[in-house]
Structures are given as structure tokens and as C-alpha cells.
Amino acid sequence: MVEKKEVFVQGNIACAEGALYAGCSFFAGYPITPSTEVAEHMSEELPKRGGAFIQMEDEIASSIAIQGAAWAGKKVMTVTSGPGLSLMMEHVGLAAFTETPCVFVDVQRGGPSTGLPTLPGQADMMQVKWGSHGDYEPIALAPNSPQECFDLMIKAFNLAEIYRVPVFFMMDEVVGHMTERVQIPPAEEIQVVERRWSSKPPGQYRPYEVGEDLVPDMVKAGDGYRIHITGLTHDERGYPAMNPTAHDRLVRRIHEKIRRHADALVDIREDGIEGAEVAVVSFGITSRVAAAAVELARQRGLKVGHLRLIITWPFPGRRIAEVARHVKGIVVPELNMGQVVLEVERAVAGRVPVHSVPHAGGTVHEPEVILEKILEAAR
Amino acid sequence: MSTDLYRWADQLQLGTDIDNPVMPFLRQDRIPHIWCPGCGIGTTVNCFARALTESGLDLDKVAIVSGIGCTGRVAGYMNLDSFHTTHGRAIPFATGLKLANPDLKVVVYSGDGDLFAIGGNHFIHAARRNMDIMVVCVNNFTYGMTGGQVAPTTPLGPSQTTMPYGNFEPSFNLPFLADACGAVYVARWTVYHVKQLAKAMQEGLKKKGFVFIEALSPCPTLYSRRNRLGDGVDQLKYYKEKSVQKNGVDTKELALGFQEEIIVGKFVDRERPTWLESMNEHFSRVLGTRYQPWGVTHAED
């Protein structure tokens, strides 16, 4: 796999390869359909590629074992699906609050509960935005093909390092299991962001001291810094600071470090937005069906634009608001009962009608269903 | 009893400027600590500091991980790389830390509720794997931080805030559990047995594999007061009078009753390949030169 430039693999394998190319050297996970192939591939490859793999006793353990490994200096990830994601939620908050770079892959299936283990869904979108208690700003990406599983996984790791946040990789059963051609560029062409290591010596280093970009530099255990890291509200030294002032300062900063970089975190693939009467906003597997619906609408002479969200969180509200000024309506298909559409509505703020195209999951939309909404929006 | 202790301290003229050998191991800018007078957690920390001194370990390579609760605060006071994680999950965090940098000596220091109720699953699996970490459990039979609720270690009988009519649930025999799951070193002492506890910790720090040390400790504010057991010193008297040292005894015999006999000692000390040793040995055999033993060449990555 390493030497080849072009392979024919399923999304789950492409995701695992993307992680390896991004420098992931520690994986902890727990088997769950439809994500298991990611863990299986990592268990096969990591021992041969300078990394360590462990199958933990559950998702709770997996989601914190990776954080221990991150503080020992590794790039880390875990993978799961809905029920496992629910179990991991407390540690999403730990990663957000202790600013531990890590990647959570969620190969979404139909939910709630055990739901449809072998069939697709996109109903975890709001869970990854809000699922852990307290306030924080996660980053989430949504690939729609095995190629993007590879490419965007590298981006996911890079963003985790740049902003020191938990990054969610929002796949789904179809993207995970579909097999397509994947181009793997030569390693030297792949841009990999390394950890923001502090250059300060022990004694001068403070774990949560920040500069302009509001993201602290990191050190690792074993290097003589004698750091203290806690999930309690903490000050710049990393020490517990149980008072409203320290809490306000810290919670604001972990939001501001993302919000201040909101423009850099916009990643939308746009198609035919210029002059469009209707815009479709989609992400992940649904974007492929939406593209087919857009094509059908165009065949009927409608001017339809398509915005495919690569980064869903933070939500690119400003761009959506701009688009809303020039179209008659916005159509939002997704494999859930209407989650990301809530953010679209918030950004559009009543300027034009927003048409949700919900779907309970288990399969993808029929393009005609989305087409119907496009036609309705154009009327 | 406690007034005797203060008189004794006065006689020895223990001042604030005394050069305590434990101080270099503490984050002095975080003192005073949160523990109640008469609590035994601080005593175990003192033993741990002494064990570290005696161990000769490079303290830059020792990391301590705690969960949540009164004992969960230990990590925050130790002048080591220290991690105060989530409730019950110190062991899996420590597992990741240790595997990612096998050069580290990783110690998990937490309470009985944290390690054996919410964290029980992680404990049994880390012991089964023989993960190379030392787990110190300060067992005070109760949830101190939340105000004295029943724990999986509470003996039959005593009242707790969520067992107001007395506990009717059987409790865990922790050394037996650790032994059955595969721990390579198992010991129990009380905070009365400071020398023995410090020695057990010292041995534990030297030992490769999953080490479990149970340290019985008074909780005078909640457990003792609620059950009319007197103050911390009264519990130390109980430990002194009712403890029987039986090294090597079958761990099945170590169940604890309410204010009954306490068997202390070292019960298990055996050799078993650690998870990391097993992985390296196995992959080297199966994958040959395609495998670079983990932690040997990658420790400095």
C-alpha cells in the first residue's frame, strides 16, 4: 500500500491510510459496525509503520487512552459509530478543555440507540457539536468519497494540531463501505502539520499561556516540564482555579481560538452559485445525491447552485448568509430529521425560505425527493 | 485522642520552617491541600514521596494519573508530570500514556469509588493485560468528595448517605479482585503502617507489570462521624489493634468486615510478561524485520 500511488479501497481503509499519512502513531478503539474496518486496518498497519494499536475494553477507555498518548507526544485517533460516540462524549469535553489534539472518526449509522448498525445515517451532526456537557467549539469534517476520506483525514489531523481541539471526522456507512479509486500522492507532497511544541525550557513554560492566536504551545510528559493537566477549570499554569473569573477567561478563550479563525476554517466546495435562483446546502454522502438532484434541476432549465460543506463545524454562517442574499430559497437535504438545517436557518435569518429535506436514514435520499424541494424553492 | 497528637507535635516543636523531606515532591505553590484533618490521603502521599526517594527513579520520567474524588486530587499536588482526568478513567488514560512513551513510570493514584465502581471495568482489563502501571487505591469505604455515599467497598452494616439504614450490599475484596485479574504485585496496608506502605510502593515502583496497592484510610468527616467511629486517630488505633500481617495469604481470605480484623501484607509477587513485552515478542516473531519493537526505538519520537 505504501508505494502505490493509486489504490481501489473502501472509505474506511482510505480513512485509516489518511491517518497514517498524517502521522498518526497511536490508535485505541473498540469494534463497532460500520466503522470496524478502520480499526482492523490500523491493527494491521501500525505495527509495521512505527505505531502502536490497542483494542480497549470499551469506547470510554478508547476515547481517553488516546489522550494519554497525546500527552506522551503522539498523534492519536479513535474510531466509532453512534452508540460508541455517545459513550465517548465525556472525553470529548476533556479533550476540548485540556486542549488535547485528537481525532474522533464517526462512521455514522441509523439511530437513535442501536438503530440500523449496517445502514447509513447523518444524525450525529448535532451530537458532535453539542454532545459533551459545557461549552466548547469542536471542528467537524464530512467526506463524501474514499478519496476524501484519505485527503480530509490528513486535514483533520492538521486542524487538531493547529487548534488543539477534538476534531470529528463525520463519515457514514455508505462512504465507509463504498469502494472507489483513491489517489495517494507522494509522501513529500502531503502537507502534514506537526505539533506546536513549546520552545520554552522547564520553569518558564506555562501549559496554557497563549499568544496572538490563542492556542497554547504544548510539551509532553517525560521531558522534565512537570506539567499538571486537569479537567477542572484551570489557570495558565494548568492549576485548578475554581472561580468565575478564571472560568470565564478559559471558556471564552477556547471558543475565541476557533471563532477568531472562522474564515480560515471555511471549507465549502461550491458549484454554480453565481446567478443561482436556488442553493442546495449539503454534506457527506448526501452531497452526492444532492449533486444528482441539482443536475436534474439544471436539465429542467433551473439555475441551481450547490454548496457542499467540507467543514461543518464551525458552521460557515457568513458565507451561507451571503448566498441567501442572492437566491430565492435554500434546500438542505440530510440523513436526519433536520439538524444542520437549523444552522442554515440561523445564518439565513429569515431572508429567504429554507427547505429542509429530512430523511430518517437507512439509505440515502432519492434524488427526485431533493429535486422536488428545489422546484418548490424556485417557485 | 487528637489533642494528644497536637501536644506531641508541640513537644517536638514542629514549626513551619521545618525541612520536610517530602516537600520537594509537592507542588508547594498548591499547598494547603483540600484534605480534611484526620484524613489519611496525605499520609499515603507522604509514603509515596518516600518511596519515590528510595526508588532512585528519574522523577522527570515518573507520571501520575488520578481520577476524580478526594484521592483524585493527589496528582495535582505531586511535583511530577501529573494528570487529573475524568471519573473512573485514570487507568485507560495511564494506559495510553504508558504505551505512547514506555520510558515513563506511570502511577495511577485514586480512590475506591473511582477505581472500582465507575472505573471497575478498566481495572480488570488493565490487570488482565498486565499493563505496566502501578495502581494505588486509597480505600476509605466511601465517596468523600460528594458527601459520604455508599461505595463498592463499603462493608456490610455502616450507614452512608445513600444507605441511610445501613449498607446491605456485599463489598469487593480488592486484593482478591486484583489477584484474580492477573496483577503481578498485590499488597494491602493501612495508613497506620507508613513504613510498610512506603516499602510496598517502593517495591511497586520497581516492579514491571500491573501493581496494585490498597491503602486503607480514615474518612473522619463523613464515614467515621456518621458511624460514630471517632476521629482519624481513633481509626488509626483500630488499624493498629485489628490489623494482622499475613504475607502470601490466599487473597480470598481478605474480605473486610465493618471494624473487624484487617489482614495486611504482601499477597502476590509474581512474574508475567507485560502487555508491551508480549506485543514486542509476538510481533518480532510474526513480522520479523518488518517490525521495530515499540518503545525500544520509538521512545524518543
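The values are calculated or read from the model by the stated rules, or taken from the named source; none is laboratory data. None of these values were measured; they are calculated from a predicted model. Ideal geometry is used to build each Cβ from the backbone, glycine not excepted, and the neighbour counts take in all protein chains shown.
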Working carefully through the options B:Val268, B:Val233, find the one that is assigned to a strand (DSSP E or B) and away from chain A (no Cβ under 14 Å). B:Val268
For the subset of the range B:113-123 comprising residues that are more than 18 Å from B:Ile41 (Cβ to Cβ) and buried (at least 24 other Cβ atoms within 10 Å of the Cβ), which member is farthest from the other protein chains (Cβ to nearest Cβ)? B:Phe123
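Which is at the interface with another protein chain (Cβ under 9 Å from one of its Cβ atoms), surrounded by fewer than 19 Cβ atoms within 10 Å (Cβ to Cβ) and of a type in the set (Lys, Arg), of A:Arg252, A:Arg226, A:Arg206, A:Arg237?
Only one candidate passes the filter, namely A:Arg237.
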From A:Ile310, A:Ile370, grab the single residue that is of a type in the set (Val, Ile, Thr), under 25 Å from the mean Cα position of the chain (by Cα) and surrounded by fewer than 23 Cβ atoms within 10 Å (Cβ to Cβ). A:Ile310
Considering only the range B:267-282, state which residues are among the aromatic types (Phe, Trp, Tyr) and within 18 Å of B:Leu97 (Cα to Cα). B:Trp275
Considering only the range B:33-53, I want to know if a residue exists there that is part of a loop (DSSP other than H, G, I, E, B) and either within 14 Å of another protein chain (Cβ to nearest Cβ) or at pLDDT below 95 (or both). yes
Please verify whether B:Glu253 is under 26 Å from B:Phe123 (Cα atoms) and surrounded by fewer than 19 Cβ atoms within 10 Å (Cβ to Cβ), treating the condition exactly as stated. yes
With respect to B:Phe93, determine if the residue is touching a Phe, Trp or Tyr at 6+ places or on another chain (Cβ under 9 Å), facing chain A (nearest Cβ under 7 Å), outside any helix (DSSP H, G or I) and closer than 24 Å to A:Gly51 by Cα. no
Out of (1) in contact (Cβ under 8 Å) with a residue 40 or more places away in the chain; (2) under 17 Å from the mean Cα position of the chain (by Cα), the odd one out for B:Ala151 is which? (1)
Inside the range A:79-93, can you point out the residues that are at the interface with another protein chain (Cβ under 10 Å from one of its Cβ atoms) and either surrounded by fewer than 23 Cβ atoms within 10 Å (Cβ to Cβ) or more than 17 Å from A:Ile254 (Cβ to Cβ) (or both)? A:Glu90, A:Gly93
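Just one of A:Val281, A:Val327, A:Val251, A:Val323 is modelled with pLDDT of 95 or more and within 20 Å of A:Pro358 (Cβ to Cβ); which is it?
Of A:Val281, A:Val327, A:Val251, A:Val323, the one residue that is modelled with pLDDT of 95 or more and within 20 Å of A:Pro358 (Cβ to Cβ) is A:Val281.
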Some residue of the range B:79-91 being assigned by TED's automatic domain parsing to the domain that holds B:Cys219, among the hydroxyl-bearing types (Ser, Thr, Tyr), buried (at least 24 other Cβ atoms within 10 Å of the Cβ) and more than 20 Å from A:Pro207 (Cβ to Cβ): no
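Of the residues that make up the range B:208-217, is at least one out of contact with any Leu (no Cβ under 7 Å at 6 or more places or on another chain), outside the structural domain of B:Ala94 (by TED's automatic domain parsing) and among the hydroxyl-bearing types (Ser, Thr, Tyr)?
At the first step, the residues of the range B:208-217 found to be out of contact with any Leu (no Cβ under 7 Å at 6 or more places or on another chain) are B:208-213, B:216-217.
With the extra rule that they be outside the structural domain of B:Ala94 (by TED's automatic domain parsing), the set shrinks to none.
There is no residue in the range B:208-217 that is out of contact with any Leu (no Cβ under 7 Å at 6 or more places or on another chain), outside the structural domain of B:Ala94 (by TED's automatic domain parsing) and among the hydroxyl-bearing types (Ser, Thr, Tyr).
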If you check A:Arg346, A:Arg298, A:Arg325, A:Arg288, which single one turns out to be surrounded by fewer than 24 Cβ atoms within 10 Å (Cβ to Cβ) and in contact with a Ser or Thr (Cβ under 8 Å, 6 or more places away or on another chain)? A:Arg288
Neighbours by Cβ (under 8 Å, 6+ apart or cross-chain): first from the range A:152-179, on the phi > 0 side of the Ramachandran plot; second among the hydrophobic types (A, V, I, L, M, F, W, C): A:Arg164/A:Val215; A:Arg164/A:Met218
Going by what's in this entry, would B:Arg225 be described as assigned to a strand (DSSP E or B), among the basic types (Lys, Arg) and assigned by TED's automatic domain parsing to the domain that holds B:Asn130? no
Subset of the range A:53-76 (residues that are more than 20 Å from A:Val165 (Cβ to Cβ) and more than 7 Å from chain B (Cβ to nearest Cβ)): A:Phe53, A:Gln55
Going through the range A:102-118 one residue at a time, which ones are touching a helix residue (DSSP H, G or I) at 6+ places or on another chain (Cβ under 6 Å) and either closer than 17 Å to A:Pro358 by Cα or of a type in the set (S, T, N, Q) (or both)? A:Arg109, A:Gly111
Step by step: first the residues of the range B:286-297, then only those that are within 26 Å of B:Ala183 (Cα to Cα) and surrounded by fewer than 17 Cβ atoms within 10 Å (Cβ to Cβ), then the one that is nearest to the other protein chains (Cβ to nearest Cβ). Which residue is that? B:Pro293
Which one of A:Val289, A:Val369 is out of contact with any helix residue (DSSP H, G or I) (no Cβ under 7 Å at 6 or more places or on another chain), not aromatic (Phe, Trp, Tyr) and not in a strand (DSSP E or B)? A:Val369
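Listed here are the residues, each with its yes/no results for (1) within 14 Å of another protein chain (Cβ to nearest Cβ); (2) among the hydroxyl-bearing types (Ser, Thr, Tyr); (3) under 27 Å from A:Thr233 (Cβ atoms).
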{"site": "B:Gly76", "(1), (2), (3)": "yes, no, yes"}
{"site": "B:Ala100", "(1), (2), (3)": "yes, no, yes"}
{"site": "B:Gly111", "(1), (2), (3)": "no, no, yes"}
{"site": "B:His125", "(1), (2), (3)": "yes, no, no"}
{"site": "B:Met134", "(1), (2), (3)": "no, no, no"}
{"site": "B:Gly144", "(1), (2), (3)": "no, no, yes"}
{"site": "B:Ala151", "(1), (2), (3)": "no, no, yes"}
So, in the range A:210-222, how many residues would count as being closer than 25 Å to B:Asn101 by Cα and more than 7 Å from chain B (Cβ to nearest Cβ)? 6
Go through (1) under 21 Å from A:Arg109 (Cβ atoms); (2) out of contact with any Ser or Thr (no Cβ under 6 Å at 6 or more places or on another chain); (3) more than 7 Å from chain B (Cβ to nearest Cβ) for A:Arg49 and report which single condition fails. (1)
